[in-house]
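Worksheet: the structure to be examined is printed underneath.
The values are calculated or read from the model by the stated rules, or taken from the named source; none is laboratory data. These numbers were taken from a predicted model, which means no experiment stands behind them. Using ideal geometry, Cβ is built from the backbone for each residue, glycine included, and neighbour counts are taken over all protein chains shown.
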Amino acid sequence: MQWKSLVAAVLIAPFANALIRFPCSQLVTERSDPLVTPGEVAPHLHQIVGGNAFNFTMDPNFLDPAKASTCTTCRFAEDKSNYWTAVLYFKHPNGSYIRVPQMANHNTGPGIQAGGMTIYYFQPTPPTKNLDVTAFAPGFRMIVGHPMRRADDIPTASPEYRSTSYRCFDTNDPGNSGVPGFPGDSFHLPNKPCAEGIRSNIYFPQCWDGVNLDSPDHSSHVAFPEGPASAGLQIFGTDCPASHPVRLPLLFIEINWDTRPFNDVSLWPKDGTQPFVFSMGDPTGFGQHADYLFGWEGDSLQRAMEVCTGGDGIPWNCPVLTTQDMETMNNCRQPNKVAEVVEDEYIQRLPGCNPLQEGPVSATLHPNDCGAQTTWLAAPTPVTAPPAVVTPPWPVCYDGPNPASNPLAPLCDSKPTKANSAPVVTPAPL
Ligand SMILES: *[C@@H]1O[C@H](CO)[C@@H](O)[C@H](O)[C@H]1NC(C)=O
Ligand SMILES: *[C@@H]1O[C@H](CO)[C@@H](O)[C@H](O)[C@H]1NC(C)=O
């Protein structure tokens, strides 16, 4: 068995971590961004997971996703939050683009999620002084990362330095099993084929000013912790700055990109660069970013942070929350309301007409010069076909006799059942 995810790394780390960890499958992929461009079609494409109240406008004065959502794509039924990130495309040598499928992470079963992400909420750990964790408040939202960034320009001593990174899964099992963002991972998209895919690792800031639910740039009301920067810290066990003294759960996201169909190097650029680009026209990976819009029901997240300190991250070991099976998660979906092709087919221009901007200077917003849609459909065609589900190259649960050889692995026959573990479909190589 291979244990390549963060929970494996933190168990062997010299400090104990407590966390909840769970899969969320894809709700919709659409040019929508209610934080940055509310009420508009967004300039680039996002994949969105979480509650189905997601919309082009999500004004907290009028919409509480915890109440307005009738389902969620996340394992915990209480989590009606939305999480979204840019998506990855493969650029074919003929200049066309096709979306890179996403696949389930290690230890996210039973059942295999359709696209989406793995979400972690970590409680603070010593040696930080502020060990009291305060869950996000209704209306809270934030962004990490910079879509226009195209260079490795964050100072290495900055706590933000490790906030977004990539893991290249090779066949050298278990590969790099270190803490994400530390040596072995890269801050740019991997520059070689990754036999088992690429994982995005995204840490959000974990310190809050205690006052503002949002800010004009959607990030200055939160901050990364500061020191001590020794012993590989800056992520765990570090202190919040005086300007942002309230300790939030450390929200961390992993996304597994199934690059296996695109590893034929004869289809790679001849100049030594790699062929994957983010939807905002970023071939570097430095522009990776993620948005969070809090939507947990009532005080459910706060209770989970106080009670669920077991450290294995297995959802049903957190008794104060309600788990749902993968079929229920996968069936909570929204139609794409912007009438354009975003996945499964080669396209000539990235959605929204974004050209590739290679840096190192920051990218600029490109005019809509290819007739991209600027409005959405009031009555989109409802989604009826089952979602495409990719079989990952690793197990998602432990199917052997009790007890599991690894305490982090959920048993395949644990609730909420493995009924929908099969059949699954792996797309043919393109
Ligand atoms: C999104 O907002 C529009 C306009 O307010 C509304 O008609 C629609 O029902 C909303 N969609 C969802 C999924 O809530
Ligand atoms: C590029 O190649 C793909 C895969 O064969 C094909 O589907 C697409 O139509 C091609 N694009 C152009 C512009 O020829």
**OP:** Confirm whether Asp344 is in contact (Cβ under 8 Å) with a residue 60 or more places away in the chain and within 16 Å of ligand 2 (Cβ to nearest atom).
**Re:** yes
Subject >> In segment 149-180, the residues that are over 23 Å from Glu358 (Cβ atoms) and either free of Cβ contacts under 8 Å to residues at least 60 places away in the same chain or polar (S, T, N, Q) (or both) >> reply: Ser158, Asp170, Thr171, Asn172, Asn176, Ser177
Original post:
Identify, please: which residue in segment 59-75 is of a type in the set (Ser, Thr, Tyr) and in a loop (DSSP other than H, G, I, E, B) and is, among those, nearest to ligand 2 (Cβ to nearest atom)?
Top reply: Thr73
**OP:** Kindly provide the set of residues from segment 267-296 that are over 19 Å from the mean Cα position of the chain (by Cα) and aromatic (Phe, Trp, Tyr), ordered by number.
**Re:** Trp268
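Conditions (1) modelled with pLDDT of 90 or more; (2) farther than 23 Å from Thr73 by Cβ; (3) assigned to a loop (DSSP other than H, G, I, E, B); (4) touching a strand residue (DSSP E or B) at 6+ places or on another chain (Cβ under 7 Å), marked per residue:
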{"position": "Gly371", "(1), (2), (3), (4)": "yes, yes, yes, no"}
{"position": "Trp376", "(1), (2), (3), (4)": "yes, no, yes, no"}
{"position": "Val390", "(1), (2), (3), (4)": "yes, no, yes, yes"}
{"position": "Val396", "(1), (2), (3), (4)": "yes, no, yes, no"}
{"position": "Ala404", "(1), (2), (3), (4)": "no, yes, yes, yes"}
{"position": "Ala409", "(1), (2), (3), (4)": "no, no, yes, yes"}
{"position": "Ser414", "(1), (2), (3), (4)": "no, no, yes, no"}
{"position": "Thr417", "(1), (2), (3), (4)": "no, no, yes, no"}
{"position": "Asn420", "(1), (2), (3), (4)": "no, no, no, no"}
**OP:** Pairs only if they're at least six apart or on different chains, beta carbon under 6 angstrom, first in segment 92-111 and over 30 Å from Ile20 (Cβ atoms) and in a loop (DSSP other than H, G, I, E, B), second within 14 Å of ligand 2 (Cβ to nearest atom) and among the hydroxyl-bearing types (Ser, Thr, Tyr); list them, first residue then second.
**Re:** Ser96/Tyr346
**OP:** Hey, could you check segment 91-105 for residues that are more than 16 Å from ligand 2 (Cβ to nearest atom) and of a type in the set (A, V, I, L, M, F, W, C) and say which is surrounded by the most Cβ atoms within 10 Å (Cβ to Cβ)?
**Re:** Met103
Original post:
Is it the case that Gly359 is on the phi > 0 side of the Ramachandran plot, away from ligand 2 (no atom under 16 Å from the Cβ) and modelled with pLDDT of 95 or more?
Top reply: yes
**OP:** Test Glu327 against the stated conditions and say whether it is within 26 Å of Ala388 (Cα to Cα), in contact (Cβ under 8 Å) with a residue 60 or more places away in the chain and not in a loop (DSSP other than H, G, I, E, B).
**Re:** yes
**OP:** Check whether at least one residue in segment 37-47 is outside any strand (DSSP E or B) and at pLDDT below 95, and report yes or no.
**Re:** no
Original post:
If you check Phe56 against the conditions, is it surrounded by fewer than 18 Cβ atoms within 10 Å (Cβ to Cβ), assigned to a loop (DSSP other than H, G, I, E, B) and either within 11 Å of ligand 1 (Cβ to nearest atom) or of a type in the set (Phe, Trp, Tyr) (or both)?
Top reply: no
**OP:** Please give the number of the condition Asp64 fails out of (1) modelled with pLDDT of 95 or more; (2) within 23 Å of Met305 (Cβ to Cβ); (3) surrounded by 24 or more Cβ atoms within 10 Å (Cβ to Cβ); (4) not hydroxyl-bearing (Ser, Thr, Tyr).
**Re:** (3)
Original post:
Is it the case that some residue within segment 76-90 is surrounded by fewer than 19 Cβ atoms within 10 Å (Cβ to Cβ), of a type in the set (Asp, Glu), in a loop (DSSP other than H, G, I, E, B) and away from ligand 2 (no atom under 16 Å from the Cβ)?
Top reply: no
